[in-house]
1. Take the Cα of residue 469, step 7 Å along the line toward its Cβ, and report every residue of segment 418-449 whose backbone nitrogen sits under 14 Å from that point.
2. Go through 362-374, 92-104 and give me the packing order, highest mean Cβ count within 10 Å leading.
3. Quick one: order 322, 55 by neighbouring beta-carbon count within 10 Å, fewest to most.
4. With label points built 7 Å along Cα→Cβ from the Cα atoms of residue 177 and residue 147, find their separation and express it in nm.
5. Order these by the 10 Å Cβ neighbour count, fewest first: 379, 351.
6. Once all Cα-Cα distances of segment 89-238 are split into 10 Å bins that start at 0, what whole-number percent is in each one?
7. For residue 260 and residue 351 in one chain, what is 0.36 nm times their gap in residues minus the Cα-Cα distance, to one decimal in nm?
8. Compute the distance in nm between two label points, each set 7 Å from the Cα along the Cα-to-Cβ direction, one at residue 368 and one at residue 250.
């Protein structure tokens, strides 16, 4: 069955409406510039993708069932009216993507298989319900505004990101003398006799590096308007599959003071049956709150910065700074040409002076003529070690648009050079030609979704003229 195709030329001065006694089943739904309104109690069943383009305006006050992807590339909003529901009910992964952020009133994930995956941020005014299936943030944000809430989140149906992902859920609520209030059901339950005023709560899902180890895969940033003398109690809830290797019975609350890079232990009482850590007597909330074991041992040092820069003579200068060197031994400096396999190119002995900031450097005299990835292996005297973030230096000065690495693994970073990233739209297809990913680039890299081993096709499209400027094959192993 061919998709429904709406063109502005046909409906240039009209609103197309579907009424309460109508329903439509189609393989795909493409709006190229019309104004479409789904009336209250009406329903549309879409067995494929819903795509909104150009000046297409789609307002939903009914129920829209979609089993494919939602692609919103229109210059105006995709809106949900005060009773509208988007229900994602496909059997495989469903992607929400596009150049313009969609706005939902109600959104329900009710899937028999797979998950919903974000390639753009979304806003939601009322209920985000997880009936069956999870939502993968993929470094995007869900904004629940001042009225939205998360419903029916469990360990098997949840909002999540990968351990290193930056995806968040945000909500704003007015909290005045809250008693066991769980704003938006994000899992940060607050009690206090004081008035907080308008309070922003952001839930993150990446592990935080605290002293010597990674925290659980959840943290909160709580920002009240009035943020002093609160004498608050915070119940920090979590799921078992967010523990990230931590011993559950040892969990306590830690916080990162505003303007600091050093986490401090606050304490608390853990309930392993109900999955929370309670902490009373909080005077003010800092930039982040998370959980980690009460018995962590400090690593040899704290890495403050790590840089890799080309020199005018064709070499690479690596510089880094540390603090709090305790029982530290040395750095192994490692290089990779692909980002997958690594070789040691040097070693630097640490000064080992606690409390002082130390500066180090090493020069790579024989870098590759193309791509050079660098990382530090921080080793202490007991041979425990920690890897630094990876730095990339390129010596290819041509204007050719390049994609790398092309031999990689699932959820790796893919880099693009030779063109301004804000001009590029990325599309990823499987070997059958099915669209798996469509996202706008905001930096010179993007994160692959979860993929099975195989061959995939990547297309880079220039946004201004909608022309493909490069294609590449990716080999996932």
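Where a number appears in this text, it was derived from the coordinates with a stated rule and is not lab data. A quick note: this is a predicted structure, and the numbers were derived from the prediction, not measured. Using ideal geometry, Cβ is built from the backbone for each residue, glycine included, and neighbour counts are taken over all protein chains shown.
1. 418-427, 440-445
2. Going from most to least packed, we get 92-104, 362-374.
3. By the 10 Å Cβ count, ascending: 55, 322.
4. It works out to 2.7 nm between the two label points.
5. 351, 379
6. Per 10 Å bin, starting at 0, the Cα pair percentages come out as 11, 39, 34, 14, 2, 0.
7. 30.4 nm
8. It is 3.9 nm.
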